[in-house]
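Below is one structure; the comments refer to it alone.
The values are calculated or read from the model by the stated rules, or taken from the named source; none is laboratory data. Quick caveat, the model's predicted, so the values are computed rather than measured. All Cβ positions, even for glycine, are placed from backbone atoms using ideal geometry, and neighbour counts span all protein chains on display.
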């Protein structure tokens, strides 16, 4: 073998060795990158006020708490769920006991039970507002409103609200949904235009009746006052008459004449006309 052939052989061997080193280095880098990605995907955090539903091959296998957690990459997945208090509003229509159409809106503050997330997800999923809450609100409003007349819905509003709160709280708890304390508000009940007009007419009639009653009472009081005054005047006259009779009448007449005299004597003294009240003996 010539020197040149030996040189080419050594060069080929060196290139092959260098190629193998590059391949090994590439494989090592890929493995390291894979391990890095795997390690990063295995660790995750859950925010405060949330819970994590852990799935293993699509099946719910656990509920994770807030903070740092780990899962098996490519085998397990996580779904974060908000368990803080949320608000939903739902309209509801019903008929009262006296067959009046009633419309209202119920606002509900609720949260998902953290301890029952596994059962909740397995039974009905997480879309509870449309699948559970709206339906329960509608049914509850119909059931409660049907026990009251339209007028009672207005005058006994707190009783109506209390029944709805009690019923909704119990029903939603069966679905692992917690109603927040004081978390149910009911807007004003809306009735038909005809019923609203009837209520308005009734209020006007009651006001007019009240005014008439007040006027009658005023007239009665005024009449009583006049009667009392007349009785007082009659009693005064009676007392005066008794006094006149007791004095024989003459002295009293002279006293009244003196009270009315202007101090001037009559312009005549003769004849048969006597002095008006001077009794000379």
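Considering only region 157-177, I want to know if a residue exists there that is buried (at least 18 other Cβ atoms within 10 Å of the Cβ), assigned to a strand (DSSP E or B) and in the same structural domain as residue 117 (by TED's automatic domain parsing).
Taking every residue of region 157-177 in turn, at least one turns out to be buried (at least 18 other Cβ atoms within 10 Å of the Cβ), assigned to a strand (DSSP E or B) and in the same structural domain as residue 117 (by TED's automatic domain parsing).
From the list 223, 205, 193, which one is out of contact with any helix residue (DSSP H, G or I) (no Cβ under 6 Å at 6 or more places or on another chain), surrounded by fewer than 10 Cβ atoms within 10 Å (Cβ to Cβ) and modelled with pLDDT under 85?
Unique residue meeting the criteria: 193.
Given the criteria more than 30 Å from residue 54 (Cα to Cα) and not in a helix (DSSP H, G or I), does residue 154 qualify? I'd like the intermediate steps shown before the answer.
Numbers: more than 30 Å from residue 54 (Cα to Cα): yes; not in a helix (DSSP H, G or I): no.
Judged against the criteria, residue 154 is not a match.
Can you tell me which of 117, 68, 126, 108 is in contact with a strand residue (DSSP E or B) (Cβ under 7 Å, 6 or more places away or on another chain) and either part of a loop (DSSP other than H, G, I, E, B) or modelled with pLDDT of 95 or more (or both)?
On the way: 117 fails: either part of a loop (DSSP other than H, G, I, E, B) or modelled with pLDDT of 95 or more (or both); 68 fails: either part of a loop (DSSP other than H, G, I, E, B) or modelled with pLDDT of 95 or more (or both); 108 fails: either part of a loop (DSSP other than H, G, I, E, B) or modelled with pLDDT of 95 or more (or both).
Being in contact with a strand residue (DSSP E or B) (Cβ under 7 Å, 6 or more places away or on another chain) and either part of a loop (DSSP other than H, G, I, E, B) or modelled with pLDDT of 95 or more (or both) holds for just one of 117, 68, 126, 108, which is 126.
Against the definition (without any contact (Cβ under 8 Å) to a residue 40 or more places away in the chain and either surrounded by fewer than 14 Cβ atoms within 10 Å (Cβ to Cβ) or in the same structural domain as residue 157 (by TED's automatic domain parsing) (or both)), how does residue 126 come out, yes or no? Outline the logic, then answer.
Details: without any contact (Cβ under 8 Å) to a residue 40 or more places away in the chain: no; either surrounded by fewer than 14 Cβ atoms within 10 Å (Cβ to Cβ) or in the same structural domain as residue 157 (by TED's automatic domain parsing) (or both): yes.
No: the conditions fail for residue 126.
Residue 136: surrounded by 14 or more Cβ atoms within 10 Å (Cβ to Cβ) and part of a helix (DSSP H, G or I), yes or no? Break it down into steps so the answer makes sense when it comes.
Numbers: surrounded by 14 or more Cβ atoms within 10 Å (Cβ to Cβ): yes; part of a helix (DSSP H, G or I): yes.
Against the criterion (surrounded by 14 or more Cβ atoms within 10 Å (Cβ to Cβ) and part of a helix (DSSP H, G or I)), residue 136 qualifies.
Among the residues of region 84-103, count how many are within 24 Å of residue 193 (Cα to Cα) and touching a strand residue (DSSP E or B) at 6+ places or on another chain (Cβ under 9 Å). Reasoning before the result, please.
Step one: of region 84-103, the residues within 24 Å of residue 193 (Cα to Cα) are 90-103.
Then keep just the ones that are touching a strand residue (DSSP E or B) at 6+ places or on another chain (Cβ under 9 Å); that gives 90-96, 101-103.
Count: 10.
What single numbered condition from (1) under 24 Å from residue 83 (Cβ atoms); (2) part of a helix (DSSP H, G or I); (3) in contact with a helix residue (DSSP H, G or I) (Cβ under 9 Å, 6 or more places away or on another chain) fails to hold for residue 184?
In the conditions (1) under 24 Å from residue 83 (Cβ atoms); (2) part of a helix (DSSP H, G or I); (3) in contact with a helix residue (DSSP H, G or I) (Cβ under 9 Å, 6 or more places away or on another chain), residue 184 misses (2) alone.
May I ask you to say which residue of 78, 53 is in contact with a helix residue (DSSP H, G or I) (Cβ under 8 Å, 6 or more places away or on another chain), at pLDDT 90 or above and assigned to a strand (DSSP E or B)?
Details: 78 fails: in contact with a helix residue (DSSP H, G or I) (Cβ under 8 Å, 6 or more places away or on another chain).
53 is the lone residue from the list that is in contact with a helix residue (DSSP H, G or I) (Cβ under 8 Å, 6 or more places away or on another chain), at pLDDT 90 or above and assigned to a strand (DSSP E or B).
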